[in-house]
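In what follows, a single structure is set out as structure tokens and then discussed.
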Amino acid sequence: MRCKGNPVSEGLGIGEVYSYRTMEFTVSSSPISREQVGQNLAEYYRIKEKAAAELKAIIDQLQREQPDKALIFMAHQEILDDEAIDEKIRHEITENLSNPTWAIYTVYEEFGQLLKNMKKQVFRERAQDILDVRNRLLRVANGIIAPNLNSLDKPVVIAAHDLLPSDTATLDRSKVVAIITETGGETSHSAIIARSYGIPALLGIPGLMNKVKDGDRVVVDALDGELIIDPTEEELAEYAAKRERYLKWATDTEAYLGKKAVTKDGVSLEVGLNIGTVEESRVKQAAYADFIGLFRTEFLYLSSPELPTEEEQYETYKQVLETFQRPVVLRTLDIGGDKNVPCLALPKEDNPFLGVRGLRLCFDRPEIFQTQLRAALRASAHGDLSLMLPMVTNLDDIYQAKELINTVRQEMEEAGIPMAPKIKVGIMVEVPSVALIADLVAKEVDFVSIGTNDLCQYTLAVDRQNQRMADYYQSYHPALFRLIGYATKHFLAAGKPVSVCGELGGDPLAVPVLIGLGVRRFSMNPSSIAKVKRVITHLTIDHAQELADQVQTLATAGQVKRFLERELKDYIC
Amino acid sequence: MYADQVVVINKTGLHARPAYEFVNMAKRFESNIMMRRLDGSDTEAINAKSIVFVLSLGICEGDKIEIVADGDDEKEAVEALVKLVASGFGEAE
């Protein structure tokens, strides 16, 4: 059986499943009688002591091996010892005649909610700890022994609903071939851990825990985003070979990470990084990037039931500038009705991708836009910050946005708030209409960045989210290359820098074509940097131009792909 | 009963290590200790020996809090906690 997943940490793992089920326990609300109170209180204390003993054992072990991770469990100990929670649980048992598991479940739920509703993220994150302690207690109450990721006796593929910090703190990474989970995306804890340990990971596989059980053989292809359960012998051999090929290629490619992005004939290019949070492993990779070409700010709005305050945003933007020590291109809020964003409460639309999204939403809710602009302008005092506007379709958008930016700037100047003397304003080129009036747009902006994913969606009339449209989403469609070439030519003629920050910008097959079309700046996910540098190093500008010319004469995306794979076979996997 | 007020001066506010230090200090005393945030949006008084309650106040740098203790060592308790908060929990600027 094959299922699709989101490959958040590149690689390929083959092995047996170890299903990690921490969330499995039963809770019944059936009440106890008054005579049973004493016995049930004793039972509660027995559960609590057992959980405390588990925590102590983990802390002892971690303090020897990874003291920083012990802190997670010391925080859990504090929660377990919390007087108010303890008092409330005892009250539940003695007065409301709840059984111990129900008392634990409801009281922890209530305290968890208390923190979940808080404004500041740092406080909200602690709700996870409370949930974590609750799960431990309920598991102990059900008499289930802790599954332990630190004493795996053989290499396994870990399958889980989701992995929490407390699950992975004791993870024996040498025994983990791959990680697969039911929930979680690019920025989930599971993804961050997998990337920082270099473990292939495929997340967001629907119904995973019902599809696999302990000992099942699986292939985790976190290159093409596929999980193969119970593969045939032929498939096994095929993927084992693919894995070997990948490992060899990855090792060779790794050597390019620290190199400068200079073509074979000596033309320097700029390679940037796309980021969506300030994540530790990203920071390390930034050392190999020339700039942060796309700083997505949506996470600030997605992680909280309330709008991020100016102060919160300012702190985050400042942190990004100070942490990365590179020029940062901040993209203003780019969100629409396809996403459920509690703090924005967006109305449902029939065609959210053609509706109130990106800059349109910012115009619709100017107070939200102004708050973000103020925070960004304040942060500009701490580093090289540019602003990039998403979802621009005409010049009116640009005039209006610039006017708003100027008004905010003026107010701040009058109030004597420090900021950079000049801040560059650019746009995302992701709708064909602005690509086709590039010469006019160029007069109004300082730079542009081509977002190839949306440009593909809007040029080819394909809903990216619609699985049935997957075959129509053709990133190598010749029309796309023609359009990018046309826009790039006009922006460059006006002296305005062009970068590519969509998927094509980090694709070693597409980058040579884009170079041929005139692009000299690329921004990409960290895992693409070495690959892109590798192909750049072996390329001359003449060769790139030939490729670009050829590609624009080919008829279909399939032909383009096959042509590029043939031409560039020495540099790709 | 004994009460006093103090302004939180450390950057993290009552979160992470400072919150735990605060609660652990409170637990050293026999008295019942309650606290609340002042400044504009006054909160209800909560048990200062509960880490979850203390976190739930969401106290940040610059917030003013009131600590109230009731018991044999009430004065010592409030004084010790006020001193701890006023010291900035040893967070260097």
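The values are calculated or read from the model by the stated rules, or taken from the named source; none is laboratory data. In this text the structure is predicted, and so the values were computed from the model without any measurement. No Cβ is skipped: glycine too gets one built from the backbone with ideal geometry, and neighbour counts run over all protein chains shown. Protein only, heavy atoms only, side chains kept; ligands, DNA and RNA dropped before computing areas. Shrake-Rupley method; radii C 1.70, N 1.55, O 1.52, S 1.80 Å.
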Estimate the FRET efficiency between residue B:9 and residue A:468 by the formula 1/(1 + (r/R0)^6), using the beta-carbon distance for r and 60 Å for R0, to the nearest 0.05.
0.55
Per residue, what accessible area does chain B have, given a 1.4 Å probe and all protein chains present, in Å²?
47
The alpha-carbon center of the range B:50-73 and that of the range A:289-312 are separated, in whole Å, by 31
Amide proton proximity set for residue A:388, modelled H, under 5 Å, gap of 5+:
A:330, A:331, A:332, A:426
Residues of type aspartates and glutamates that residue A:424 reaches as a straight line, Cα spacing below 12 Å, ignoring anything fewer than 8 places off in the same chain:
A:384, A:444, A:446
Two decimals is fine: what is log10 I(q)/I(0) at q = 0.19, 0.21 Å⁻¹ for the range A:188-313, from a Debye sum with one equal scatterer on every Cα and no solvent?
-1.21, -1.30
Could you go through the range A:363-370 in sequence order and give the Karplus-derived ³J(HN,Hα) for each residue, using 6.51 cos²θ - 1.76 cosθ + 1.60 with θ = phi - 60°, rounded to whole Hz, and x for Gly and Pro?
6, 5, 10, x, 5, 5, 5, 4
Under the Kirkwood approximation applied to all pairs of distinct alpha-carbon atoms, what is the hydrodynamic radius of the range A:499-542 in Å?
10.1
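Rounded to a whole number, what % of the accessible area of chain B do carbon and sulfur atoms account for, probe 1.4 Å?
That fraction is 49 percent.
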Quote the FRET efficiency, to the nearest 0.05, computed for residue A:555 versus residue B:16 with a Förster distance R0 of 51 Å and r equal to the Cβ-Cβ distance.
0.30
Please compute the volume of the convex hull spanned by the alpha-carbon atoms of the range A:1-52 and report it per residue in Å³.
194
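Leaving out ligands and nucleic acids, note down the accessible area per residue over chain A with a 1.4 angstrom probe, in whole Å².
On a per-residue basis, 44 Å².
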Tally Lys/Arg at +1 and Asp/Glu at -1 over every other residue whose Cβ is under 13 Å from the Cβ of residue A:457; what's the total?
-3
Computing the accessible area with a 1.4 Å probe over protein heavy atoms, can you report the carbon and sulfur percentage for the range A:185-244?
48
Going residue by residue through the range A:515-525, the Karplus relation 6.51 cos²θ - 1.76 cosθ + 1.60 with θ = phi - 60° gives ³J(HN,Hα) values, rounded to whole Hz and with x marking Gly or Pro, of 4, x, 7, x, 5, 10, 10, 10, 10, 8, 5
Radius of gyration and Dmax for the protein assembly as shown's Cα atoms, expressed in Å?
28.0, 89
What translational diffusion coefficient, in µm²/s and rounded to a whole number, does the Stokes-Einstein relation yield for the range A:298-386 at 4 °C and a viscosity of 1.567 mPa s, taking the hydrodynamic radius as the Kirkwood radius over Cα pairs?
95
Other chains' Cβ within 10 Å of A:77-87 residues: what's the mean?
5
Go through the range A:470-480 residue by residue and turn each phi into a ³J(HN,Hα) via Karplus (6.51, -1.76, 1.60, θ = phi - 60°); whole Hz please, and just put x for glycine and proline.
3, 5, 8, 7, 10, 5, 9, 4, x, 4, 5
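What does the helix-only formula give at 222 nm for chain A: each DSSP H stretch with n ≥ 4 adding -39500 (n - 2.57), the total divided by the residues, and the result rounded to the nearest 500 deg cm²/dmol? It would help to have the intermediate numbers written out before the result.
Details: 23 runs with 269 residues, N = 573.
That calculation yields -14500 deg cm²/dmol at 222 nm.
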Just subtract the alpha-carbon distance of residue A:109 and residue A:45 from 0.36 nm times their residue separation and send over the number in nm, one decimal.
21.2 nm
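Can you give the % of DSSP beta bridges in the protein assembly as shown that are antiparallel, to the nearest 5?
Percentage antiparallel, nearest 5: 45.
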5 angstrom amide H check on residue A:500, placed H, neighbours 5+ away
A:450, A:521, A:522, A:523
Per the 1.4 Å probe, what fraction of the accessible area of the range A:34-141, in percent, lies on carbon and sulfur atoms?
50
Simple spin-label estimate for residue A:60 and residue B:87 in nanometres, 7 Å along Cα-Cβ:
3.1
Past the 26 Å Cα-Cα mark, which pairs from A:213/A:284; A:318/A:531; A:259/A:284; A:260/A:496?
A:213/A:284; A:318/A:531
Other chains' Cβ within 10 Å of B:12-19 residues: what's the mean?
3
Euclidean distance of C-alpha centroids, the range A:1-50 and the range A:532-573, integer Å:
51
When the C-alpha atoms of the range B:2-90 are aligned to their principal axes, what extent does each axis show, in angstrom, from largest down?
32, 27, 21
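In the range A:34-141, what is the volume of the convex hull around the alpha carbon atoms, normalised per residue and reported in Å³?
84
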In whole Å, how far is the Cα centre of the range A:74-106 from that of the range A:200-273?
46
Efficiency of FRET between residue A:461 and residue A:152 - r from beta-carbon atoms, R0 41 angstrom, step 0.05:
0.25
Using a 1.4 Å probe on protein heavy atoms only, how many Å² of accessible area do A and B hide from each other, summed over both chains and rounded to 100?
1500
Diffusion coefficient in µm²/s returned for the range A:255-567 by Stokes-Einstein, Kirkwood Rh over C-alpha pairs, 20 °C and 1.002 mPa s, is 107
